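**Student:** Can you read through this structure? Questions will come right after.
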Amino acid sequence: MMMVETIFSGPIGQAVLVFILVFTLVFAVLQKAKIFGEGKKQSDVLVALAVALLTITVGSAMDLITRLVPFLASALVVILVFLLLLGFFYKEFDAPSWMKNTAAVLALLAVVIAVVYFTGAWEYLYFLTFDASSNIVGNIVLVIVIVVAILFAWFGKGKGNDK
């Protein structure tokens, strides 16, 4: 695959992106929390600026953020796909609740299988290899236990206002 060079490909570009991300997040949190009081936008900007500048000067913090952001973006895309699949059945779809819940479980299963398949982890999953040397019964029991645990979590009665 060919890499495309952009202005953000180098270390300076990454520092700029991390600065923008940290500044925006800290500023948004300070605005929402109103730590310095109502209408103190200048104080929020100065603190966010200081935190963002300190973050880009610490190599380990930069490295952590640049490694976590692609994971965050990928996870958000997976969650979005799952929510889109759920939206087909829960928004203005006149069906019995058992059908909606079955569709939700199938959507979750489809997303999990897609993620496992597209990340290449499918080949490394031991319980999916049914060759003569593997313990098929133990693997099937493991899969059943996982499915039952998911069903208990999904349909179980919670305390208070969980349902």
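Quick note: the coordinates plus some simple rules give every number you see, no bench work behind them. Quick caveat, the model's predicted, so the values are computed rather than measured.
**Student:** Between residue 75 and residue 88, what is 0.36 nm times their sequence separation minus the Cα-Cα distance? Round to one decimal in nm. If you can, show how the numbers build up before the last one.
**Tutor:** Working: separation 13, 0.36 × 13 = 4.68 nm, distance 2.05 nm.
Stretched fully, the residue 75-residue 88 segment lengthens by 2.6 nm.
**Student:** Another question, if that's okay. Between residue 99 and residue 43, what length comes free when the chain is fully extended (0.36 nm per residue of separation minus the Cα-Cα distance, one decimal in nm)?
**Tutor:** So the extension gain works out to 14.9 nm.
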